[in-house]
1. Relative contact order for the chain: what percent, with Cα pairs under 8 Å and sequence separation of 6 or more?
2. Please identify which residues in the stretch 27-47 have an amide N closer than 11 Å to a label point set 7 Å out from the Cα of THR72, following the Cα→Cβ vector.
3. Using only the Cα atoms of the chain, what semi-axes does the equivalent ellipsoid have when each is the square root of 5 times a gyration tensor eigenvalue? Give whole Å, largest first.
4. Measuring from the lowest to the highest alpha carbon on each principal axis, how far does the stretch 114-205 reach, largest first, in angstroms?
5. Compare the peptides 68-75, 28-35, 127-134, 12-19 by average per-residue count of other Cβ atoms within 10 angstrom and give them in order, highest first.
6. Quick one: Debye curve from the C-alpha atoms of the stretch 82-126, no solvent, what's log10 I(q)/I(0) at q = 0.24 Å⁻¹?
7. Take the Cα atoms of the stretch 3-104, build their convex hull, and give its volume per residue in Å³.
8. Which cross-chain or sequence-distant (5 or more) residues have an amide H under 5 Å from the amide H of GLU183, H modelled 1.01 Å from N in plane?
Amino acid sequence: MTFNSVSGQNLNGKWLLKDIDPGNGKKGYPGFQLLEIENDSVHIYTDFSLKEKASTLIMDNGDLLNLKKEKTSTYKVINKNNLKWFVNGKSNDKDAIFECDFYRLEPTITKLKKEDIEKMTFVLTENGRETEFEFNKELWDKETLKRMKRKEGEKKMIQQIDSTFFIVSYFDGKRRSSIPIKEVTPELITMYAIPTAPMEMTAYRKK
């Protein structure tokens, strides 16, 4: 019995990791991880390019099996857009069950092209603090780069997987976070805020 027939829902598509709870209530984020479900197979990717699969598992009535049909972990369908993957492991040298929260990757709602979005600057106000989202530009000034002895500081870019746009942050030339965009218009941009809470946050275009 496959993953999809167990739930009575079509779960084919891509699912993005939001966070992992090791059982102590302290959720964390180990980095980019995406599941691509194709009927009873789930392909796991840990690199944003999706060029190489980290592994493939088989779904069988609540269990996840390796290609040798050995049980490796379990899963639970929460709803059509949320599923949990449970993996046995160690946390602080103690046995623990890691609860991995995945959300369905939806196409970004927009009439704009990637090039249009990159020309805009948005401002997010959160807890009285403003954060600017400006793209394809080095965000550290020359003095800071020199003081920190770095050729690259911080940069934000718009990248995509299928029809979903992401705000991708780089630090010291390395990808640090990839936040999917729910909707973008000439006035605002709404992000899913993965891997941090709340589930959504909206930034408005800088005037």
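Here, each number is a calculation from the coordinates, and none is a lab measurement. Given the structure is predicted, the values throughout are model-derived calculations rather than measurements. Cβ placement follows ideal geometry from the backbone for every residue including glycine, while neighbour counts extend to all protein chains displayed.
1. Numbers: 440 pairs, mean separation 31.9, N = 207.
Relative CO of the chain lands at 15 percent.
2. Of the residues in the stretch 27-47, 42-45 have backbone N under 11 Å from the label point off THR72.
3. Working: eigenvalues 230, 84, 50 Å².
Computed over the chain, the values are 34, 21, 16 Å.
4. 37, 33, 24
5. Working: 68-75: 13.2, 28-35: 16.2, 127-134: 10.5, 12-19: 18.1.
Packing proxy ranking, top to bottom: 12-19, 28-35, 68-75, 127-134.
6. Debye curve over Cα of the stretch 82-126, log10 I(q)/I(0) at q = 0.24 Å⁻¹: -0.92.
7. Working: hull volume 10.3 nm³, N = 102.
Roughly 101 Å³ of hull volume per residue.
8. Result for GLU183 returns ILE109, THR190.
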